[in-house]
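Quick notes on the structure that follows.
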Amino acid sequence: MKRILSKGFFQLAAIVVFCLTFLSCSGKKELSSVMLLDKGWMIQSSQKTALKGDELSLTSDKKTGWYSAEVPSTVFGCLAKYGVYKDVFFGKNLEKVNPTDFQCSWWYRKSFSAPDNESTAYYLDFDGIIYRANIWLNGREIASADTLKGTFRQFSINVSDIIRKNGENILAVEVFPPRAGDLTVGFVDWNPEAPDRGLGIWREVRLRSSGDVSLRYPFVISKLDTASLNTASLTVSCEAINNGSRKISGYMNMNIDGGIALKQKVQLKPGEKKLITFNPSDYPELNIENPRIWWTHDLGKPELYDLKIGFALANKVSDNVAAKFGIRDISTYTFNKYGREHKGFKLNGRKIQVKGGGWVDQLFLMPDSIKLERQIEYVKHMNLNAIRPEGFWGNNHDLYDICDREG
């Protein structure tokens, strides 16, 4: 049965986790990099500054009265973390916060330097903003709130012609709060509501660089023989993008666990996006004998494989991506009991009882990977094998990664 990656539903039975990393190819110069823009941000209410986006993104001069921040974060989360609002969880202090302070737009601002390499394509990735935003880079508006909106949408903006390779870059993001009726995060009814309703850059921001060809969305579909568990076939795909204005011919190289190594010749027209697929019918190496199988922690070991994909142009690696995946099969069956038909689930051909509980993120949507690790351990200690997020998607891939690893 096909493996499906659901961006909106986290559970311990999730397998495929996509995360960008580095792939080394011997003898070839690396052109790609991924920079997480997480530290060194400053925030301020638009009611307390008359400066606009073009001005705020032209110089990194420190502005008086701005507050320290980080990303992912919410505005109120940063203000609470850095002491502007104190002891917000004591007594009724949270109720005393004036929500009208967060009904206007707020600015996020940061300076950064681009990687020192021979990259020709640069993208700014915004994985989640609540709720809409105007974005400026080096004095130019690169996105506006009329199109860049939606809590659960992800945006990738080509800034190749704006980025300063040998100097300071200034990023300014004006975020606007959700309006009545906007689809945004929500908490269970026994939780208080944050006064800013989650206003902020609540997921990661990255600067990605590559050569003329960039890669996105590595994906693996596994088909397991559930009768014997002795064989499995894999279908691997990845999107290749020609960022240049000329036709390109190169090779997509794919490696699984350092053992299976395949390549495929790819031709791309100017500006073309193409899904490149490695099928087991064309590449017999993707038919695996005695595969390591992923199980939930209560049934076995959650085995994972490492996938690395790169795009080679002459003596250079234009881009590379990586992912972890597990080989498993999910199927359903029906049975009758108490005069009604019910549906059950099977994992790798074996009946499994899905045991889960409600999951709520931190009130101010501030990530804490150490705390997350401990919470998943608690889930395992309760002998649960699934979690049910209450209206959240997580700040980043950490929840996916930990659940995949821990079964």
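Every number here is computed from the coordinates shown, using simple stated rules; none is lab data. Computed from a prediction, not measured in an experiment: that's the story for all the values here. No Cβ is skipped: glycine too gets one built from the backbone with ideal geometry, and neighbour counts run over all protein chains shown.
Could you give each residue of region 63-72 its phi-based ³J(HN,Hα) in whole Hz, using Karplus coefficients 6.51, -1.76, 1.60 with θ = phi - 60°, and x for Gly or Pro?
9, 5, x, 7, 10, 5, 7, 9, 9, x
Determine, for Tyr123, Tyr378, the number of other Cβ atoms within 10 Å of each Cβ, and report the residues in order from fewest to most.
Values: Tyr123 21, Tyr378 9.
Neighbour counts put them in this order, fewest first: Tyr378, Tyr123.
Any of Lys81/Lys371; Lys355/Lys380; Lys343/Lys380 with alpha carbons more than 18 Å apart? Name them for me.
On the way: Lys81/Lys371 16 Å; Lys355/Lys380 11 Å; Lys343/Lys380 25 Å.
As for pairs spanning more than 18 Å Cα to Cα, those are Lys343/Lys380.
What whole-number distance in Å separates the alpha-carbon centres of region 202-218 and region 67-115?
Comparing the Cα centres of region 202-218 and region 67-115, I get a distance of 28 Å.
Starting from the Cα of Tyr85, move 7 Å in the Cα-to-Cβ direction to define the label point; list residues of region 360-374 whose amide nitrogen is under 18 Å from there.
Answer for this model: 361-367.
Provide Val379, Val266 in ascending order of the number of other Cβ atoms located within 10 Å of each residue's Cβ, fewest first.
Working: Val379 22, Val266 17.
Listing Val379, Val266 from fewest to most nearby Cβ atoms yields Val266, Val379.
Would you calculate a helix-derived [θ] at 222 nm for the chain, using -39,500 (n - 2.57) for each DSSP H run of n ≥ 4 and dividing by the full residue count, to the nearest 500?
On the way: 4 runs with 33 residues, N = 407.
Only helices count here, giving -2000 deg cm²/dmol.
Cα centroid distance between region 145-199 and region 227-258, in Å?
Value for the Cα centre distance between the two parts: 32 Å.
Please work out whether the chain counts as rounded, prolate or oblate from its C-alpha gyration tensor, where a ≥ b ≥ c are the square roots of the eigenvalues and a/c under 1.5 means rounded, while otherwise a/b larger than b/c means prolate and anything else oblate? Spell out each step's value before the answer.
Values: a/c = 2.39, a/b = 1.18, b/c = 2.03.
Here the chain falls in the oblate category.
Taking the beta-carbon count within 10 Å as an exposure proxy, list Phe335, Phe102 from fewest neighbours to most. Each step should come with its number before you reach the end.
Numbers: Phe335 10, Phe102 22.
Placing the least packed residue first, the sequence is Phe335, Phe102.
Work out the FRET efficiency for Asn336 and Asp146 from their Cβ-Cβ distance, taking R0 = 60 Å, and round it to the nearest 0.05.
Details: r = 53 Å, r/R0 = 0.89.
Here the calculated transfer efficiency is 0.65.
Evaluate the distance, in nm, between pseudo-label points positioned 7 Å from the Cα of Asn158 and of Lys274 along their respective Cα→Cβ axes.
Computed distance between label sites Asn158 and Lys274 equals 1.7 nm.
So what are the ³J(HN,Hα) numbers for region 364-381, from phi and the Karplus equation (6.51, -1.76, 1.60; θ = phi - 60°), rounded to whole Hz, Gly and Pro as x?
So the J values, rounded to whole Hz, are 9, 6, 9, x, 8, 5, 5, 4, 4, 4, 5, 5, 5, 4, 4, 4, 5, 5.
Can you tell me how region 160-235 classifies by the Cα gyration tensor, rounded, prolate or oblate, using a/c under 1.5 as the rounded cut?
Working: a/c = 3.94, a/b = 1.23, b/c = 3.20.
Because a/c hits 1.5 or more and a/b fails to exceed b/c, region 160-235 counts as oblate.
First measure r as the distance between the Cβ atoms of Phe187 and Thr64, then evaluate 1/(1 + (r/R0)^6) with R0 = 30 Å and state the FRET efficiency to the nearest 0.05.
0.30
Per residue of region 125-138, in order, report the coupling 6.51 cos²θ - 1.76 cosθ + 1.60 (Karplus, θ = phi - 60°) as ³J(HN,Hα) in whole Hz, putting x for Gly and Pro.
3J(HN,Hα) across region 125-138, in whole Hz: 9, 10, 7, x, 10, 10, 10, 9, 7, 9, 10, 10, 9, 6.
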